[in-house]
1. Please report the net charge: other residues with Cβ closer than 10 Å to the Cβ of Tyr94, K and R +1, D and E -1.
2. Starting from 0.36 nm per residue, how many nanometres of slack lie between Ser53 and Asn83 once their C-alpha separation is accounted for?
3. Using a probe of 1.4 angstrom, how much of the accessible area of the chain is carbon and sulfur, in percent?
4. Taking the alpha-carbon distance from Lys101 and a cut-off under 22 Å, which lysines remain once sequence neighbours fewer than 8 residues away in the same chain are dropped?
5. Sort 112-119, 5-12 for me by packing, meaning the mean count of neighbouring Cβ atoms within 10 Å per residue, highest on top.
6. Can you give the Rg to Rh ratio of the chain, both from alpha-carbon atoms, with Rh computed by the Kirkwood formula?
7. Measure off 7 Å from each Cα along the Cα-to-Cβ vector at Glu46 and Thr60, then give the distance between these two points in nanometres to one decimal.
8. Can you tell me the dipole magnitude for the chain around its Cα centre, using point charges on the Cβ only (Lys, Arg +1; Asp, Glu -1), in Debye to the nearest 20?
Amino acid sequence: QVQLVESGGGLVQPGGSLRLSCAASGSISNIYAMRWYRQAPGKQRELVAAITSGGNTNYTGSVKGRFTISRDNAKNTVYLQMNSLKPEDTAVYYCRADVQKLATLGIWAYWGQGTQVTVSL
């Protein structure tokens, strides 16, 4: 089995910073794209940022220039550095990894449990 464990959420004032981490573990052969999503109350889950195994990145428009996604392939971990946080960034943040398990050919999407980020005075 494969597990994704997130950490780093919390309460921060507007303009502040947080760094989220998501570590994958289990029967992993390869991890392809890794992504961060978020879901605010009453809204649909949205893609925030993505990074390929080669390090190419993509961001949704509202976070460009403020958020940075990165990964450590040796640790099977993806990070989301969030700067200049705004109240509208408040949401539960989820990581997703596209994983090829050991001794298999298929690629499966695995999700973390979510971590709450609250931006408020």
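1. On the way: positive: Arg35, Arg38, Arg45, Arg96; negative: Glu6.
My count for the surroundings of Tyr94 gives +3.
2. Working: separation 30, 0.36 × 30 = 10.80 nm, distance 2.37 nm.
In short, 8.4 nm is gained.
3. Values: 3110 of 6390 Å².
The nonpolar share, carbon plus sulfur, comes to 49 percent.
4. Those lysines meeting the cut-off are Lys75.
5. On the way: 112-119: 17.6, 5-12: 15.4.
The densest-packed peptide leads the list: 112-119, 5-12.
6. Numbers: Rg = 14.2 Å, Rh = 14.5 Å.
Rg/Rh: 0.98.
7. For the pair Glu46/Thr60, the computed spacing is 0.4 nm.
8. Working: 12 positive and 6 negative charges, 18 e Å.
Dipole about the Cα centre, nearest 20: 80 debye.
The values are calculated or read from the model by the stated rules, or taken from the named source; none is laboratory data. Here the structure is a predicted model, which means the values were calculated and not measured. As a convention, Cβ positions derive from the backbone with ideal geometry for all residues, glycine included, and neighbour counts pool all protein chains shown. What goes into the accessible areas is simple: the full protein's heavy atoms, side chains included, and nothing from ligands, DNA or RNA. Shrake-Rupley method; radii C 1.70, N 1.55, O 1.52, S 1.80 Å.
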